[in-house]
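Take a look at the structure set out below.
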Amino acid sequence: MKNQFIKAVHLRVGTSDVTDSLIKYIKEGLAPLGVNLLCLEFNPGYNYRCYPELANGTFGRGDAKKVAAAAKEAGIEIVPLFMCLGHQGWRFERNSLLKVYPEFDETPHIAEDLDPEKISGEEFYCRSWCASNDDVYKYVFPMMDEIMEDFGASCLHVGMDEVFLLAEDTCPRCKGKSRPELFARTVNILHNHIVKERDWQMMMWADRLNHADAFGYHMWEGDKLGTWPAADMIPTDIILTDWHYDMNEEGFAGIGALIEKGFTVLPAGWRDLKQTKFLLDEALKHAKAAKGDGRLAGMMITCWSMASDELLGKMLDILKSGKQDEENADERGIASSVLYVTEKL
């Protein structure tokens, strides 16, 4: 990842039946375009050997080795993504970690069977693990290590996006504690294991480090709850994947601000080609104007639909066609954004 722009793609994977399609997508779709980083999100969709009770997917070691070999041959680095702190389940549902070990749930009093149609994401989005219960790392670290070793990877993405449930008054361990200090403490614990102990590179989403009001960001791409000061409490050798999926007339000055703090920033777009073009232009502009030791790493295009034979096949056809589509914000928009970014960087 050194001395060249990162041209990155993100995919969510949970089942082994997509392994062959994924390898084909890598070889015939991503490699010819010069994509050099593939971020694969498994948590919790991985067939863990260290804690079988936490396995919630059929994709496992054998599949990882096949995909890693294909990626290496194509000159693509695999970066596994293991979701930390937030996103411990979807909406009210708990993931396998919190189901099996409910003592790690930051909001155990919230029932799983609530109606998501009656309670907005602003009121309750999805669960977090308790940032003050360090026993969680007895399970988190072995799962991380297993995925990294299975892929032979050297960089791990830890998620950390959209963390809203933090320092909750209903949590006896976290009540009264500082949001930014708790967030930064979690990042630093992860960094100590990943970087200092394992000598791997660490990535994380940047949204909780963006001061939403200062940059004109909404509550999802930036923080409005007071977590953002954590940006000054964590190591700057973490690569920040700074996602923005909507147009913003005020631009994305937060990219330059993070670079000036010393971070390497990897902006991330999604399925709207027009927005992808705008975001890349903004990133290049703010990186050029920024003063500091950090830099713009390149760009990532994310895909939040679970990988399937059908989805990968559709995107592969678009990548092979080379045709960019500004009108459709679906798999056509995702593939078009990949085409645009790999052409421009």
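A short reminder: the numbers here are calculations on the coordinates, not readings from a lab. Just so we're clear, the structure is a prediction, and the values are computed from it rather than from any experiment. With ideal geometry, Cβ positions are generated from the backbone for all residues, glycine too; neighbour counts draw on all protein chains shown.
Tabulated results
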{"read-out": "DSSP bridge orientation in the chain - percent antiparallel, rounded to nearest 5", "value": "5 percent"}
{"read-out": "Packing-based order for 268-274, 234-240, using average beta carbon neighbours within 10 Å, highest first", "value": "268-274, 234-240"}
{"read-out": "Given charges at beta-carbon only (K, R positive; D, E negative), |dipole| of the chain in Debye", "value": "1020 debye"}
{"read-out": "Greater than 27 Å apart at Cα, pairs in Lys65/Lys344; Lys261/Lys285; Lys118/Lys138", "value": "Lys65/Lys344; Lys118/Lys138"}
{"read-out": "Convex hull volume of the chain per residue (C-alpha atoms, cubic angstrom)", "value": "131 Å³"}
{"read-out": "Spatially proximal aspartates and glutamates relative to Lys314 (Cα-Cα < 16 Å; intrachain offsets below 8 disregarded)", "value": "Asp20, Glu28, Asp325, Asp330, Glu331"}
{"read-out": "Region 231-345: relative contact order in percent, alpha carbon pairs under 8 Å with at least 6 residues between", "value": "27 percent"}
{"read-out": "By average C-beta atoms within 10 angstrom, highest first, the peptides 65-73, 217-225, 252-260", "value": "252-260, 217-225, 65-73"}
{"read-out": "Virtual paramagnetic centre 7 Å along Cα→Cβ of Ser308, amide N under 20 Å, in region 1-35", "value": "10-26"}
